[in-house]
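Please read the structure below before turning to the comments.
The values are calculated or read from the model by the stated rules, or taken from the named source; none is laboratory data. What you are looking at is a predicted structure, and each value in this text was computed from that prediction instead of being measured. Here the Cβ positions follow ideal geometry from the backbone for every residue, glycine too, while neighbour counts run over all protein chains shown.
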Amino acid sequence: MAFKVVELVLGLLLAVPVCGLWPIPRALQTGTTPLILSKDFKITAIRNPPSDLTGAISRTLGHISDDKLQRLVVGRASADEAAVQHAKQLPSLTLSLAEGAEVKSISEEAIKPLGTRSEEYVLHVPSDGSPATLSANSTLGLLRGLTTFEQLWYDLDGAATYTLEAPISITDAPAYPYRGFMLDTARNFFSVSDIERTLDAMSWAKMNQFHWHVVDSQSFPLQISGFTEVAAKGAYSSSMTFSPSDVQTIVTYAAERGIDVLAEIDTPGHTAIIYESHPEHVACFVSSPWTTFANEPPSGQLRFASPATTNFTTGLIAAAAKMFPSSMFSTGGDELNIPCYDADAETQQILNSTGQTLEQALSTFTQSTHGALATLGKTPVVWEEMVLEHNVTLANDTVVMVWISSANAAAVAEKNFRIVHGPSDYFYLDCGAGEWLGGDPLANSWCDPFKTWQKSYTFDPLANITESQQHLVMGGQQLLWTEQSGPENLDAIAWPRAASSAEVFWTGATLPDGTPRNVSSALPRLHDFRFRMVQRGIRAIPLQPLWCALRPGLCDLDS
Amino acid sequence: MFPRAKLLVFTALLAALAPADALWPQPRSIETGGTPLRLSGGFAITVAGSAPSDLHAAVQDAKSFISNDKLGRLVVGRGAVDVAAYSKAKTLSKLTLSLEKGATAHSITSEAQKAPEARDEAYTLTVPGDGSGATITANSTLGLYRGLTTFTQLFFYNEGTTYLLNAPVHIEDAPAYPYRGFMLDTARNYFPVSDIKRTLDAMSWVKINQFHWHVVDSQSFPLEVPGYPELSQKGAYSASSVYSPGDVADIISYAGARGIDVMLEIDTPGHTSVISKSHPEHVACPEATPWATYANEPPAGQLRLASEATTNFTAGLLAAAAKLSPSTLFSTGGDELNTNCYAADEETQASLNATGKTLEQALNTFTQVTHKALLDEGKTPVVWEEMVLVHNVTLNPETLVLVWISSDDVKAVAEAGFKLIHAASDYFYLDCGGGGWVGDFPDGNSWCDPFKTWQKSYSFDPVANLTDAEAKLVIGGQHLLWVEQSGPENLDPAVWPRAASSAELFWSGPGGNLSTALPRLHEVAYRMRQRGVQAISLQPEWCALRPGACDLTA
């Protein structure tokens, strides 16, 4: 009886990767030699490092000393005491850029256009106590390598910081250039510190795109110079705004962590609150019943058929786009409600006088706002309806976000637009938490059920995409709409779940050993990642009882 | 412009709908006027006569909430819209608490720890409209405490002024049901004492009076039981993930001072796998695989209920654990007993063969011995519904039964004649809808999907399908948090303000109106956040400021 138990434990040890990297690198070789970090372990930067690389190095040193993650096995640190006792010491990690590489800041590298960011790196940790090396073609690649390096280490209850798997050899690069997270700061407000904390967590999973759905029908927290009245009248309160300097703070904080900020001013729908400052530009504001005029209250959409409104919106979008260094800017375009315009006398009058259909007017409007972005050198980003439901002429390089259903990605690809996956059936973090509308006790969330990390993890970015269309797939993201979220549950809803897509789009379809990525081998690593997040100040939730986290595989469905 | 005019009318209508009083739970009887009152700078709360120390502490807490809540009224424009109304208002400078003539001043704690039906939580609260002193009277310090809790919810804040708009206020209040609980599982994942205390704080603000502490389970045994230290030494997640007797006493006294009784549960004979770490002799099928054959969740493992030694061990353990809490209630669990486990356990089969008993007969013996140990300690046993509906066990008639599997099972428990506590998964399980947590199961949802919204819980009828006589067996109910996917990180967001829904249901009685409840529940969430509990937003703030505007039919 006792013998059988021992056998079982040994079997598990062999079957389970000790390595807790997230996302798991594309190519990874590990050994079985224990190695501990020297007490005076140091990281040597490149010559004349940009200040954000120096900052990244000091964060890595901080994580290495403060993570204090005991390995997630029964017995925790005590299980490894013997193995580590006589281990060699790693004195240092040396960073280098490839010969001829131009030294730019991480921030500059991070905001380059999609597909031109250099995130690849090579990391070697020898087992003989000689220095580890990290090399890359850019400081951004070095940042990604540092992020990997700091996940290698476990805490021996304060006595040592160690790995059991030297030598370690990693050659890594993302499978997809866009690995994002979307936050809605309009349904409920989030402070700059909440966003910074989110950016921290994103960077630990090598996510590189913060999609900031900053305004919507409920509130307009973004202060835009030249249009200050919109936030003055449309924010929940004067303290619930993002000033230009707040935006600068966020954009800088993100870029230093390898993250580009894609801002969205959703138009022409999702704009009711603009009525508070510009009633002349908004049709069907709080019309009743709201269900006729919008997908959620309050109703209200820009009068896009109006030249004055088109000019206003174009100016607004241009002014907003100037606040963000990203090469992309989203003009939204989801959930346009037609009855709203049917009922709007002013819109009907304009259409009558110009002889345009609503769709033609929408195309004119879109070309105006997108033209302003093009002038600023920005690539427009839109929600899928702009391609699939409306008859709008879009620039060829427009990036399209698929949200309604994963089944719609193929149709977008057929139209030859670049795609970011954000389908509600895999990546919506708010699904499954119940109806938030009042007076509706039996209703559930519109996109039930809850999307578990496992469900997201099984998403196939290339499903129904032909080989010739594959280059259109830029990547994807998990999204948090905040009708029922605020600072109180931001972390708990987003983490560690949102890291699931980070691995889908970094690692791609296969593990370093060539086998398909799978939820069974991912779970122990995701537990590991979650424990690190908690230690670093993110309120990431437990995915299972601790009993399960310490016993990989024992809480699987069929175990 | 016509649309604008229409909007103004609409807004005015909403303002009229918005209740000026935002109490939760809604008192049984309340009369309010339309006179604003400002709280004077030197506002004082005094207790007439001698007062126990926990009442003094409660008064200090109430004063601190009143000055720190700083809740701007949830209307468009917030408190600024009330300036004209309150700026010339009279001031309220005093609240006096007094017991009714003849009542004796016992501690809140001792009043709270009485048997549920013996707790006296009634109070009368009066705030005159002329600025003269407010009063709370009650038959017990526990009633005074409930009145204080109501009093702190009367006030709003704007730019340095704390005020109310609806004096005179006269409230006569008492709970509809004596048991209004919240259950927390601290075994699947561990919660430090501070998390439990914060939860007790939040419970007290909505007049919840029972903390059902599902302290141990198959995954871990964090409770240090005097005489049985090996259980937590070998069964806790770590030496720091343990509740020492000192911790338990701390939690019980913290709860008591807030009008809350602590009902401990040692779930038996199932849900006990981890006991095998210290007492392998007492546990059948420990960590047997496939777990799905032997348990409802991993790890498998149940007490060998047919063994006399195990029965005696369990009775001793329960008696020792029961001594940790002064509550009259103690739960021995009894849910999800797995018979495959015993069928495969040679030792159990040998015991049954030797005694000639069936497993059900052995369970009956086991239960009677363990319950006798509790009865000897003066405790009323509490069990999950299977002990009545699935098994053939003789229970003391005073036993309380927790209905959890389905609200459909209430009727059968009542027909069996037992007093019952509503805890139905289809209304009150806070973990439902959070996705499957079992590994290697990408399409798995929670077993009790969908998510139970506050609205769903609020619409529960405690006496559905019951005769008048059966209805008398209902002593109350509770929300429950099982923590397979919870820890300190999401305790507050998973629980609050949702668990306040049943608090009102069982205090104010059923049949409450969802539309008028929602603005008040928003206020609960805002106050909770201000008091340090991470209660979530139920809606966009746009909706919270416009009662009714985000209803389905608005």
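Residues in segment A:300-312 that are assigned to a helix (DSSP H, G or I) and in contact with a strand residue (DSSP E or B) (Cβ under 6 Å, 6 or more places away or on another chain): A:309 alone.
In summary, helices (runs of 4 or more DSSP H) completely within segment A:389-486 and bearing 1 or more residues that are acidic (Asp, Glu) occur at A:409-414, A:424-427. Residue A:500 satisfies every condition listed in (1) buried (at least 22 other Cβ atoms within 10 Å of the Cβ); (2) within 10 Å of another protein chain (Cβ to nearest Cβ) except (2).
Can you report the number of residues in segment B:238-268 which are crowded, with 23+ Cβ neighbours inside 10 Å, over 15 Å from the mean Cα position of the chain (by Cα) and farther than 14 Å from residue B:213 by Cα? The number of residues fulfilling the criteria is 1.
Residue A:157 satisfies every condition listed in (1) touching a strand residue (DSSP E or B) at 6+ places or on another chain (Cβ under 7 Å); (2) in the same structural domain as residue A:77 (by TED's automatic domain parsing); (3) among the charged types (D, E, K, R) except (1).
Of the residues making up segment B:301-320, none is assigned by TED's automatic domain parsing to the domain that holds residue B:272, surrounded by fewer than 17 Cβ atoms within 10 Å (Cβ to Cβ) and basic (Lys, Arg).
Polar (S, T, N, Q) and either within 23 Å of residue A:365 (Cα to Cα) or more than 24 Å from the chain's Cα centre (by Cα) (or both): is that true of residue A:249 in this structure?
no
The sole residue among A:550, A:526 that is within 9 Å of chain B (Cβ to nearest Cβ) and either farther than 20 Å from residue B:445 by Cα or not charged (D, E, K, R) (or both) is A:550.
Go through the residues of segment A:144-157 one by one and say whether even a single one is within 14 Å of chain B (Cβ to nearest Cβ), surrounded by fewer than 24 Cβ atoms within 10 Å (Cβ to Cβ), in contact with a Leu (Cβ under 9 Å, 6 or more places away or on another chain) and modelled with pLDDT of 95 or more.
Yes, the conditions are met somewhere in segment A:144-157.
Screening segment B:53-108 for residues that are within 25 Å of the chain's Cα centre (by Cα) and β-branched (Val, Ile, Thr) and picking the one that is nearest to residue B:254 (Cα to Cα) gives B:108. Within segment B:498-511, is there a residue that is in contact with a strand residue (DSSP E or B) (Cβ under 7 Å, 6 or more places away or on another chain), surrounded by fewer than 24 Cβ atoms within 10 Å (Cβ to Cβ) and not polar (S, T, N, Q)? No; the residues of segment B:498-511 include none that is in contact with a strand residue (DSSP E or B) (Cβ under 7 Å, 6 or more places away or on another chain), surrounded by fewer than 24 Cβ atoms within 10 Å (Cβ to Cβ) and not polar (S, T, N, Q). If you check B:150, B:124 for being under 20 Å from the mean Cα position of the chain (by Cα) and of a type in the set (S, T, N, Q), only one passes: B:150. Mind checking whether some residue in segment A:242-263 is within 14 Å of chain B (Cβ to nearest Cβ) and either outside any loop (DSSP other than H, G, I, E, B) or surrounded by 24 or more Cβ atoms within 10 Å (Cβ to Cβ) (or both)? No: zero hits. Among the residues of segment B:265-289, those identified as hydroxyl-bearing (Ser, Thr, Tyr) and in contact (Cβ under 8 Å) with a residue 24 or more places away in the chain are B:268, B:272, B:273, B:276, B:278.
Every condition in (1) within 14 Å of another protein chain (Cβ to nearest Cβ); (2) within 21 Å of the chain's Cα centre (by Cα); (3) in contact (Cβ under 8 Å) with a residue 40 or more places away in the chain holds for residue B:435 except the one numbered (2).
Selection of first residues in segment A:357-382 that are under 20 Å from residue A:327 (Cβ atoms) and of second residues that are charged (D, E, K, R) and not in a strand (DSSP E or B), restricted to Cβ pairs under 8 Å at least 6 apart or on distinct chains, gives the following pairs, ordered by first then second residue: A:376/A:322; A:379/A:397. Residue B:285 passes every criterion in (1) out of contact with any Ser or Thr (no Cβ under 6 Å at 6 or more places or on another chain); (2) more than 14 Å from every other protein chain (Cβ to nearest Cβ) apart from (2). Counting only helices (runs of 4 or more DSSP H) that sit wholly inside segment B:440-554, those with at least 1 residues that are over 25 Å from residue A:455 (Cβ atoms), within 12 Å of chain A (Cβ to nearest Cβ) and touching a residue at least 40 places away in the same chain (Cβ under 8 Å) are B:454-458, B:491-495, B:500-508, B:514-530, B:541-544. Figure legend. Inter-residue proximity from segment B:133-148: first residues in a loop (DSSP other than H, G, I, E, B), second residues of a type in the set (S, T, N, Q), beta-carbon distance below 8 Å, spacing 6+ or different chains. Indicated pairs: B:133/B:93; B:133/B:96. Of the residues in segment B:403-416, at least one is at pLDDT 95 or above, in contact with a strand residue (DSSP E or B) (Cβ under 7 Å, 6 or more places away or on another chain), in a strand (DSSP E or B) and away from every other protein chain (no Cβ under 14 Å).
Considering segment A:194-241, and only residues there that are crowded, with 24+ Cβ neighbours inside 10 Å and charged (D, E, K, R), the residue that is nearest to residue A:437 (Cα to Cα) turns out to be A:216.
Residue-wise test of (1) at pLDDT below 95; (2) outside the structural domain of residue A:55 (by TED's automatic domain parsing); (3) touching a Pro at 6+ places or on another chain (Cβ under 6 Å).
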| position | (1), (2), (3) |
| --- | --- |
| A:121 | no, no, no |
| A:161 | no, no, no |
| A:167 | no, no, yes |
| A:199 | no, yes, no |
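Within segment A:162-194, being of a type in the set (Asp, Glu), assigned to a strand (DSSP E or B) and either touching a helix residue (DSSP H, G or I) at 6+ places or on another chain (Cβ under 8 Å) or farther than 16 Å from residue A:222 by Cβ (or both) holds for A:165, A:172.
To keep it simple, each residue is scored yes or no on (1) surrounded by 14 or more Cβ atoms within 10 Å (Cβ to Cβ); (2) touching a strand residue (DSSP E or B) at 6+ places or on another chain (Cβ under 9 Å); (3) among the charged types (D, E, K, R); (4) modelled with pLDDT of 95 or more.
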site: B:13; (1), (2), (3), (4): no, no, no, no
site: B:20; (1), (2), (3), (4): yes, yes, no, no
site: B:27; (1), (2), (3), (4): yes, yes, no, yes
site: B:31; (1), (2), (3), (4): no, yes, yes, yes
site: B:39; (1), (2), (3), (4): yes, yes, no, yes
site: B:58; (1), (2), (3), (4): yes, no, no, yes
site: B:64; (1), (2), (3), (4): no, no, no, yes
site: B:70; (1), (2), (3), (4): yes, yes, yes, yes
site: B:93; (1), (2), (3), (4): yes, yes, no, yes
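Checking each residue in segment A:158-182 for being closer than 20 Å to residue A:262 by Cβ and surrounded by fewer than 23 Cβ atoms within 10 Å (Cβ to Cβ) picks out A:174, A:175, A:176, A:177. Determine if segment B:293-301 includes at least one residue that is touching a helix residue (DSSP H, G or I) at 6+ places or on another chain (Cβ under 7 Å), outside any loop (DSSP other than H, G, I, E, B) and over 17 Å from residue A:554 (Cα atoms). Scanning segment B:293-301 turns up no residue that is touching a helix residue (DSSP H, G or I) at 6+ places or on another chain (Cβ under 7 Å), outside any loop (DSSP other than H, G, I, E, B) and over 17 Å from residue A:554 (Cα atoms). Residue B:213 meets the conditions (1) of a type outside the set (Asp, Glu); (2) within 20 Å of residue A:77 (Cα to Cα); (3) assigned to a strand (DSSP E or B) in every case but one. The failed one is (2). The set of residues in segment A:337-368 being in a helix (DSSP H, G or I) and of a type in the set (Ser, Thr, Tyr) consists of A:341, A:347, A:353, A:354, A:363, A:364, A:366, A:368.
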